[in-house]
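The values are calculated or read from the model by the stated rules, or taken from the named source; none is laboratory data. Only a predicted model underlies this, so the values are computations on that prediction, with no experimental measurement involved. Because the Cβ atoms are built from the backbone with ideal geometry, glycine has one as well, and the counts that use them run over all protein chains shown.
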Amino acid sequence: MSTVYNFSAGPGVLPAPVIKQIQKELTSFHGSGMSILEISHRSTLFENVIDNAKQDLKDLMQVPDNYQILFFQGGGTGQFAAAPMNLASKHHRLALLDSGHWASKAHDEAIKLGYQVDVLDSTKSEHYHELPHLSLTFNQKNDDYLHVTINNTIEGTTYHQINNPTHLPLVGDMSSNFLAERYSVKDFGMIFAGAQKNLGPAGVTIVIVRDDLLKKVPKIPSILDYSLFAKKNSLYNTPPVFSIYAAGLVLKWLKKQGGVDVMESHNRKQSKMMYDFLDQSKLFRNDVKPSDRSLTNTIFTTGDQKLDLQVAKEATQHGLMSIKGHRSVGGLRASFYNAMPTAGVQSLIDFLHDFEKKH
Ligand code: PMP
């Protein structure tokens, strides 16, 4: 079979050596004679898995000691409910920057649960081709925190730098650029990310939360309760054992590559190759404001819906998978997560170049 490159926005490409290691130890985990799929989450074997994953994540992100690293189920969507329930117990009110689809999902979920949401800025009228920002004249209300989607997976934009003049704890949705770019954890009150893009298979969601924000909140479902999970080392109930194990292997792989800074420069190089191609192309274009362009999700289009579909179809025939844009916006999208080799990006650019010559 010829080489296949997976540009899916998630679940996304995982490092090939990690998939091989999973295959190798699937029947007997660490010589136990039992598969990781069947060991108890209360066994020492698994306690080591979860503790190592936490330590490796702490090292890679330089997580300060006054933050907890927690493992949940329920994905990023689960955190759209969990964040207000845990962090907005005082004023029942949060602030949010409307930067696209996932920010608006977070907004709607909070409203549904009875919280008030102050949308401080929105770039909806610019089709989210640039990011909303807080003005210095921002009039602070009684909000409990500020929700920001750090990387907008569908619109292809990223806050590369964090600027929070509000004094509100910042809640960062890093689902699609977790460990792809260096951020300082101390700029955040809480960070969350579903694993299935940069970190591992679907099923586990990471929450990194500052100790002083952990409060005992009455009437919160146990499965979403940050302080309960912190107390129980994320083992309050049966966790997604396999997903945590696989994420742990990706974290080890990441350390071997040189860590987050090395990944960031790898991702910068690859996304620049793609944006440089798009900017000179006479057929394809990317409409995102250059300073806001994402390193992990590049959106592009010919401007013709039918032609975009043809591009995606022909790409598949060349082993370049999943470049169709999200159903809500159409067009095309290529996701370059940490495990994407440069050869994959080059193959995609070569294919688009040939397609352009033919059309
Ligand atoms: N936030 C962002 C930025 C996302 O990209 C996604 C999923 N693509 C979500 C939240 C929702 O995550 P999940 O599918 O894990 O619920």
- Is it the case that segment 151-174 has a residue that's in a helix (DSSP H, G or I) and at pLDDT 95 or above? no
Checked 36, 22 against criteria (surrounded by fewer than 19 Cβ atoms within 10 Å (Cβ to Cβ), of a type in the set (Val, Ile, Thr) and in contact (Cβ under 8 Å) with a residue 60 or more places away in the chain); the one match is 22
Q) Within segment 87-101, can one find any residue that is surrounded by fewer than 20 Cβ atoms within 10 Å (Cβ to Cβ), among the polar types (S, T, N, Q) and part of a loop (DSSP other than H, G, I, E, B)? A) yes
Contact list, first residue from segment 193-219 and free of Cβ contacts under 8 Å to residues at least 40 places away in the same chain, second anywhere and away from the ligand (no atom under 16 Å from the Cβ) and assigned to a loop (DSSP other than H, G, I, E, B), beta-carbon distance below 9 Å, six or more apart or interchain, is 216/225; 218/89
Just one listed residue, out of 76, 114, is within 16 Å of the ligand (Cβ to nearest atom), among the small types (Gly, Ala, Ser) and either in contact with a Cys (Cβ under 7 Å, 6 or more places away or on another chain) or at pLDDT 95 or above (or both), and it is 76
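Is it the case that residue 282 is loosely packed, with under 14 Cβ neighbours inside 10 Å, of a type outside the set (Asp, Glu) and closer than 17 Å to residue 157 by Cα?
no
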Note to self: residue 141 - would you say it is assigned to a helix (DSSP H, G or I) and free of Cβ contacts under 8 Å to residues at least 60 places away in the same chain?
What the structure shows: no
Within segment 176-213, restricting to residues that are outside any helix (DSSP H, G or I), away from the ligand (no atom under 15 Å from the Cβ) and surrounded by fewer than 21 Cβ atoms within 10 Å (Cβ to Cβ), the one that is farthest from the chain's Cα centre (by Cα) is 210
Residues of segment 1-13 being over 18 Å from residue 271 (Cα atoms) and either within 16 Å of the ligand (Cβ to nearest atom) or modelled with pLDDT of 95 or more (or both), in sequence order, are 4, 11
Residues of segment 310-359 being modelled with pLDDT under 95, surrounded by fewer than 14 Cβ atoms within 10 Å (Cβ to Cβ) and within 22 Å of the chain's Cα centre (by Cα), in sequence order, are 327, 328
Checklist entry - Is it true that residue 98 is of a type in the set (Asp, Glu), within 16 Å of the ligand (Cβ to nearest atom) and either at positive phi or in contact with a strand residue (DSSP E or B) (Cβ under 8 Å, 6 or more places away or on another chain) (or both)? => result yes
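Residues 37, 45: which one is in a loop (DSSP other than H, G, I, E, B), among the aliphatic types (A, V, I, L, M) and away from the ligand (no atom under 15 Å from the Cβ)?
Going through 37, 45 in turn, just one is in a loop (DSSP other than H, G, I, E, B), among the aliphatic types (A, V, I, L, M) and away from the ligand (no atom under 15 Å from the Cβ): 37.
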Counting only residues that are of a type outside the set (Val, Ile, Thr), under 19 Å from residue 345 (Cα atoms) and surrounded by fewer than 22 Cβ atoms within 10 Å (Cβ to Cβ), segment 236-266 contains a total of 4
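Considering only segment 108-120, I want to know if a residue exists there that is farther than 13 Å from residue 155 by Cα, within 21 Å of the chain's Cα centre (by Cα) and surrounded by 19 or more Cβ atoms within 10 Å (Cβ to Cβ). Steps first, answer last, please.
If we filter segment 108-120 for residues that are farther than 13 Å from residue 155 by Cα, which is where we start, we get 108-120.
Pick out the ones that are also within 21 Å of the chain's Cα centre (by Cα) and you get 108-110.
Cutting the leftovers down to surrounded by 19 or more Cβ atoms within 10 Å (Cβ to Cβ) gives us 109-110.
Within segment 108-120, one or more residues are farther than 13 Å from residue 155 by Cα, within 21 Å of the chain's Cα centre (by Cα) and surrounded by 19 or more Cβ atoms within 10 Å (Cβ to Cβ).
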Contact list, first residue from segment 57-81 and in the same structural domain as residue 195 (by TED's automatic domain parsing), second anywhere and acidic (Asp, Glu) and within 14 Å of the ligand (Cβ to nearest atom), beta-carbon distance below 7 Å, six or more apart or interchain, is 76/173; 80/109; 81/109
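Answer with yes or no whether residue 8 is part of a loop (DSSP other than H, G, I, E, B), surrounded by 15 or more Cβ atoms within 10 Å (Cβ to Cβ) and assigned by TED's automatic domain parsing to the domain that holds residue 180. Can you show your working first?
Values: part of a loop (DSSP other than H, G, I, E, B): yes; surrounded by 15 or more Cβ atoms within 10 Å (Cβ to Cβ): yes; assigned by TED's automatic domain parsing to the domain that holds residue 180: no.
So residue 8 does not fit the description; no.
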If I filter segment 62-81 for residues that are part of a helix (DSSP H, G or I), of a type in the set (Gly, Ala, Ser) and farther than 21 Å from residue 11 by Cβ, do I get at least one hit? yes
